[in-house]
């Protein structure tokens, strides 16, 4: 079959990372840093999303069901930190975690450049999904042009954060 995933991943090759509790601890640490420290490193209002970076990293290594559940957890955490977004971050982060998990089945995500590219594109899609959900709730449409600039800058900033984290992990692994 042309679209079969059997040839791209060995049976049982896509597994849940060693410990989901460790990933949850990273998610909570990312949420803490997102709420307390990252606003000091904002560039023209754009900040990297460490919560999304943790969700994307987990979704690359986990299977589809685990990625969806972790995407829900990350989205709920972001909605809780934002306070007034309804469930917009939850919906956007969950759909993105699903897309990343599916993409990791056909792409070689061990490559740093491919992983960072996936994170940047997924962050842009996530921002678009968030804007779609928030505009359905009555957010002023006239702010869309400003939000596009922030979304692109945030996606690139998140990609740089992914690059820095991956480099640090590689550098200090031994």
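Inspect segment 127-142 for any residue being in contact (Cβ under 8 Å) with a residue 60 or more places away in the chain, outside any loop (DSSP other than H, G, I, E, B) and either in contact with a strand residue (DSSP E or B) (Cβ under 9 Å, 6 or more places away or on another chain) or crowded, with 16+ Cβ neighbours inside 10 Å (or both) and give the result as yes or no.
No, because not a single residue in segment 127-142 is in contact (Cβ under 8 Å) with a residue 60 or more places away in the chain, outside any loop (DSSP other than H, G, I, E, B) and either in contact with a strand residue (DSSP E or B) (Cβ under 9 Å, 6 or more places away or on another chain) or crowded, with 16+ Cβ neighbours inside 10 Å (or both).
Do we have any residue at all in segment 80-90 that's in a loop (DSSP other than H, G, I, E, B), in contact with a helix residue (DSSP H, G or I) (Cβ under 9 Å, 6 or more places away or on another chain) and under 19 Å from residue 155 (Cβ atoms)?
Yes: one or more hits.
Of 152, 165, which residue is assigned to a helix (DSSP H, G or I) and within 13 Å of residue 56 (Cα to Cα)?
165
Being assigned to a helix (DSSP H, G or I), surrounded by fewer than 17 Cβ atoms within 10 Å (Cβ to Cβ) and in contact with a helix residue (DSSP H, G or I) (Cβ under 8 Å, 6 or more places away or on another chain), is that true of even one residue in segment 92-102?
Yes, some residue in segment 92-102 is assigned to a helix (DSSP H, G or I), surrounded by fewer than 17 Cβ atoms within 10 Å (Cβ to Cβ) and in contact with a helix residue (DSSP H, G or I) (Cβ under 8 Å, 6 or more places away or on another chain).
Here is a list: 107, 69, 124. Which entry is surrounded by fewer than 23 Cβ atoms within 10 Å (Cβ to Cβ), out of contact with any strand residue (DSSP E or B) (no Cβ under 8 Å at 6 or more places or on another chain) and not in a helix (DSSP H, G or I)?
107
Kindly indicate which of 114, 95 is free of Cβ contacts under 8 Å to residues at least 12 places away in the same chain and within 15 Å of residue 53 (Cα to Cα).
114
A short reminder: the numbers here are calculations on the coordinates, not readings from a lab. Because the structure is a prediction, the values reported are computed rather than measured. Positions of Cβ are backbone-derived with ideal geometry, glycine not excepted, and every protein chain shown enters the neighbour counts.
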